[in-house]
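The values are calculated or read from the model by the stated rules, or taken from the named source; none is laboratory data. All figures in this text were calculated on a predicted structure; none of them were measured in a lab. Note: ideal-geometry Cβ built from the backbone for every residue, glycine included; neighbour counts use all protein chains shown.
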Amino acid sequence: MRTQSTCFFVILIILLRFIGTYSQSIVNTPHNLSATGSGTIRATNESEICIFCHTPHSSSPQAPLWNRNTPGQHYALYQSSTIQASAGQPDGASILCLSCHDGTIALGLVLSRDQSIDMTGGTTVLPGGSSNLSTDLSDDHPVSFIYNSSLAASDGELVDPAGLSVPIHLDDQKLQCTACHDPHNNSFGNFLVASTQHSDLCLYCHQKNGWAASEHSLSPAIWNGSGSNPWQHAGYNTVSENGCENCHQPHNAGGAVRLTLYLPEENNCLQCHNGNVASTDIQSDLNKTYRHDVYSYAQLHDPEESALVNIRHVECTDCHNPHAVNSSGATAPDAGGKISGVPGIDSQGNAVASIRYEYELCYRCHADSPDKPGSHTSRQIYQTNVRLEFNPSNPSFHPVENSGRNSYVPSLISPLSESSIIYCTDCHASNNSSANGPHGSVYSPILKYRYLTGDYTSESYQAYELCYQCHDRNAIVNNGSTEHARQVHRKHIVDVRTPCNVCHDPHGVQGHSHLINFNTSVVSKSTGRMGRLEFIDDGTFAGRCYLNCHGWNHNPRSYN
């Protein structure tokens, strides 16, 4: 007469053969912990395979015929400002998985044996590594929470569970480990129920806004072999193939909040945007002297933070939405695909969930933020809120929001005209770089070209290269089409070496036309009983200045 154990073993072999008809048999997976297993973790002598989890008799009250004790642990749970679910302590299938995968119970300690099953190499619990989740689940995808239509609606980027399809399934409306893992089938590796290639597994539940058209979803870019290999899967060779796992890791994540690969937020971007995968080398730009210094801040940015940045910080994801970034172009002032799907502040100072214009992104930090950067120049009219500087109701402004007020600017270089609108990034951008954004520059303050502001600067194309991208140098200082150009600009810029910055405020001025806003570190009040510091516009190419500069008293000095 066969023993109960033998009968159970025969039944299991039949069952395994039946399963093997439709999927991979457990016999050839790491979950075969018997002595016949092919993995590095296995028993010394035990021949039964399923006994490490199941037993037909004397099992735990937990289904399915569970042969292990339930861990009596209190787990640290995943927390994030963006999670809408109410995650509790693991239960159901998840707590069963953790009886091995939290590393607290010996692998060979089963209910149906009086003695623990001996394992090779003196192994007792699951060794440290990707499979040992420990009792700290704060760096793992949350489990054991109710996943229903209400959760999907409140999140806004989750598939309604009514639409979930095979192979994803829930247990009593709860998402458990078994939603993503099938412990009996390792066809896709890591006992996953579907392939992760092209984010297939993630997309069963997660539908991030803009993802379908994003570069991180579609890009065929490959690693060029330089530096560290950025890919998490040996068989996935493009950005598109790696998908979500370009940045995220569902278990034992380096950056626990939002399960990113690395804790320094920028490292998740720079592993590819260092010229080794993406065509642009952003990392080199971020190492320049003047930069948006992502390295100086850690865990200050939050996707749920106000569109208005109240505490100064900058991270890649302050300006770029990695789920929505795309290659679509745009014409000023419209926002292009590289900054698609990010929040901002509009021209009236109101928060917008997704910017329409590029300047709305810049206004997050450089407009109404209480911790915004100060001005680089001491001005007669001091203003650090660039939203107010670019206001189209001002007497003068560079045309970032709207076309400028001056209807006659003969120095403009074609195709620019008086009706043109420009981007903030036409001036503020990485120098000598294929990247368009203001990541870093050798010119302060993150300028695309040289713009010297020191008094007594000798005029040259190189000294004011930034200005001369739009304004014809010859028209200003050499053979200008008007006597005004020769008399006024040449005399000041060339003859007495007064920089453009002394008279002109490049963003805009709330009180004066022609961007006149004197640099008070160079210019002072006119000498006399009624000393004044003032510019009066007397019409086209005409005006009066009251000031003292380079020892010359203008009280007034007229230009006609």
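Below, the figures for the structure above:
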item	result
Any hit, the range 494-503, residues being in a helix (DSSP H, G or I), touching a helix residue (DSSP H, G or I) at 6+ places or on another chain (Cβ under 8 Å) and farther than 22 Å from Glu389 by Cα	yes
Flag if Ala435 is in a loop (DSSP other than H, G, I, E, B), closer than 25 Å to Tyr559 by Cβ and of a type in the set (A, V, I, L, M)	no
Test for Ser441: is it touching a strand residue (DSSP E or B) at 6+ places or on another chain (Cβ under 8 Å), buried (at least 17 other Cβ atoms within 10 Å of the Cβ) and of a type in the set (Gly, Ala, Ser)	yes
Those residues of the range 139-181 which are over 28 Å from the mean Cα position of the chain (by Cα), without any contact (Cβ under 8 Å) to a residue 24 or more places away in the chain and in a loop (DSSP other than H, G, I, E, B), in sequence order	Val166, His169, Leu170
Any hit, the range 501-517, residues being charged (D, E, K, R) and in contact (Cβ under 8 Å) with a residue 60 or more places away in the chain	yes
Residue match in the range 385-401 (condition: more than 11 Å from Val509 (Cα to Cα) and of a type in the set (Ser, Thr, Tyr))	no
Selection within the range 185-215 - out of contact with any helix residue (DSSP H, G or I) (no Cβ under 6 Å at 6 or more places or on another chain), touching a residue at least 40 places away in the same chain (Cβ under 8 Å) and closer than 17 Å to Ala324 by Cβ	His206, Gln207, Lys208, Asn209, Gly210, Ala213, Ser214, Glu215
Qualifying helices (runs of 4 or more DSSP H) (wholly inside the range 189-297; at least 2 residues being closer than 25 Å to Ser138 by Cα)	200-203, 265-270
Residue count, the range 124-140 (criterion: surrounded by fewer than 18 Cβ atoms within 10 Å (Cβ to Cβ) and either among the hydroxyl-bearing types (Ser, Thr, Tyr) or at pLDDT 95 or above (or both))	7
Condition broken by His398, with the remaining ones in (1) modelled with pLDDT of 95 or more; (2) surrounded by fewer than 18 Cβ atoms within 10 Å (Cβ to Cβ) satisfied	(2)
Residue in the range 44-52 that is buried (at least 17 other Cβ atoms within 10 Å of the Cβ), touching a helix residue (DSSP H, G or I) at 6+ places or on another chain (Cβ under 6 Å) and in a helix (DSSP H, G or I) present	yes
Residue in the range 527-557 that is nearest to Val502 (Cα to Cα), counting only those that are within 51 Å of the chain's Cα centre (by Cα) and part of a loop (DSSP other than H, G, I, E, B)	His550
